[in-house]
1. Hey, got the average number of other protein chain Cβ atoms within 10 angstrom for residues in B:43-56?
2. How far is helix A:68-78 tilted off the main Cα axis of chain A, in degrees rounded to 10, range 0 to 90?
3. Would you mind getting the Kirkwood hydrodynamic radius of segment B:67-106 from its Cα pairs, rounded to one decimal in Å?
4. Kindly put B:144, B:185, B:138, B:149 in sequence by how many other C-beta atoms sit within 10 Å of each C-beta, fewest to most.
5. Given Cβ point charges of +1 (Lys, Arg) and -1 (Asp, Glu) and nothing else, what value in debye, to the nearest 20, does the dipole of chain B about its Cα centre take?
6. Run the numbers on chain A and let me know its relative contact order in percent, using alpha-carbon pairs under 8 Å that are six or more apart.
7. Please go through the residue pairs B:125/B:199; A:124/A:178; A:84/A:178 and name each one whose alpha carbons sit more than 24 Å apart in this structure.
8. Counting other beta carbons within 10 Å of each residue's own, what order do B:129, B:69 fall into, fewest first?
Amino acid sequence: MCDKPVLYYFNGRGRMESVRWLLTAAKVQFDEVLLTTRDQYLKLLDSGDLMFQQVPMVEIDGMKLVQTRAILNYIAEKYSLQGKDLKDRAMVKMYSEGVMDLNEMIMMLPWIPDPKAKLEEIEKKANERYLPVFEKALTGPVFLVGGKLSCADVYLLECTLMLEEKFAGILADFPNLKSFQGRMLQNDAIKEFVKPGSQRKPQPDDVYVKTVLEIFNMKT
Amino acid sequence: MSEKPVLYYFNARGKMETIRWLLTVAEVDFDEVFLTSRDQYLKLLENGDLLFQQVPMVEIDGMKLVQTRAILNYIAEKYNLHGKDLKDRAMIDMYSEGVKDLNEMIIMLIMSPDPKAKLEEIEKKAKERYLPVFEKALTGPVYLVGGKLSCADVYLLECTLMLEEKFAGILKDFGNVKSFQGRMLQIPAVNRFLLPGSKRKLPLDQKTLALAKEVFNLKF
């Protein structure tokens with residue numbers, strides 16, 4: 001009997017969104033427990049289910065996994081999305097970690113009092129450091145590594161969509177990436193995920209920030 | 001013909017130290033190229049050796065690996081230090097990522113505008129969030145996961161030594177972790193690594209930080 005994984009997180013993207021994306025690409029259905037009050041969070045803490053007192057936490061295969069990368073690595077390996085051998089896995093990991101650095105910058109935006117400077121930094125780094133690497137890697141190949149879909153492709157897709165939310169025409173100079181994005185969006189599961197009403201979460205807003213601060217008993 | 005890996009970084013711990021530790025425990029000899037000038041860095045960039053323009057970079061098995069986790073994962077997998085199956089790997093990743101969060105705080109101390117407050121935060125988190133987890137995991141078992149040495153054990157050892165450098169008696173209330181440390185220190189390669197003259201580095205200091213600013217042309 002195979003239970004669906006259960007995701008424990010706030011009602012927003014944050015560090016859980018990449019997990020939602022990866023499960024989707026792996027065609028794995030999942031349930032969610034969305035933390036909306038401090039009491040709910042404290043109850044979760046008291047249960048001892050959070051190894052380092054933090055979320056994300058994913059109940060999967062009898063385990064309560066924490067730490068975003070541990071969760072992502074498990075899913076990627078279980079569903080064969082992490083590369084076919086040691087060397088491919090090295091490439092997948094390098095690309096993935098680069099994308100995660102960029103995603104992290106975007107994720108931190110709602111928490112910065114004056115995001116304008118940070119937005120400029122993100123745009124600059126995306127245009128100069130990250131996008132050129134993927135543009136080059138996708139000159140010819142359909143996927144980033146080894147001719148097959150890997151988690152790196154999933155994280156990159158997620159990243160390009162988030163970048164376009166902030167900087168509308170950012171892929172104008174990166175046609176291979178734009179094509180890659182187009183191909184990835186043809187995937188049935190992904191197509192459903194980007195439609196309204198899916199488990200994909202919206203961009204963080206003031207309500208989200210306020211809720212999280214309340215949950216952690218912090219002041220703005 | 002097996003060539004030694006070559007590590008490219010500053011002559012300091014920073015993000016490369018964990019890699020030095022892991023190679024050491026894997027009993028793999030390595031060479032190092034230290035960054036000492038902006039020109040040298042620009043040359044590396046021109047050669048296309050730094051995928052995301054960053055160090056650490058490790059030349060190994062014909063690849064120029066960047067991104068600390070990609071490098072560590074490659075070494076751990078190659079030298080059988082990353083768990084015997086998927087579930088063990090999940091545990092190793094969870095423990096490893098927790099330790100890395102703590103290590104990161106220590107590494108970043110030098111960049112903190114208020115190091116005193118940061119030190120207090122590190123001590124609190126170590127004692128309340130992280131060390132209790134490892135104390136519990138080591139109640140009985142010799143190693144953290146699966147009854148055999150893994151990269152998680154190496155990262156934890158490194159962490160406990162760095163913690164004791166800052167907070168001398170911090171393991172007093174964590175008898176299992178202290179015993180674990182003692183056992184790990186018996187490993188001949190570890191023993192050698194801790195002797196003066198080894199490749200173990202000193203913490204980042206102001207001088208190296210100034211050099212890094214110069215090399216990367218950063219303003220902060």
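Laboratory data are not the source of any read-out in this text; all were calculated from the coordinates shown. Just so it is clear, the model here is predicted, and its values are computed rather than measured. For neighbour counting, all protein chains shown are included, and Cβ atoms are generated from backbone atoms with ideal geometry for every residue, glycine included.
1. Details: counts 0, 0, 0, 0, 0, 1, 0, 0, 10, 12, 5, 3, 0, 0.
Counting Cβ atoms of other protein chains within 10 Å of each residue's Cβ and averaging gives 2.
2. The angle comes out near 60 degrees.
3. Kirkwood hydrodynamic radius for segment B:67-106: 10.7 Å.
4. Details: B:144 27, B:185 13, B:138 22, B:149 18.
With the sparsest Cβ surroundings first, the list reads B:185, B:149, B:138, B:144.
5. Working: 32 positive and 31 negative charges, 76 e Å.
Dipole magnitude for chain B comes out near 360 debye.
6. Working: 243 pairs, mean separation 59.4, N = 220.
Averaging sequence separation for qualifying contacts and normalising by length gives 27 percent for chain A.
7. Values: B:125/B:199 29 Å; A:124/A:178 18 Å; A:84/A:178 26 Å.
Correct reply: B:125/B:199; A:84/A:178.
8. Numbers: B:129 16, B:69 20.
Neighbour counts put them in this order, fewest first: B:129, B:69.
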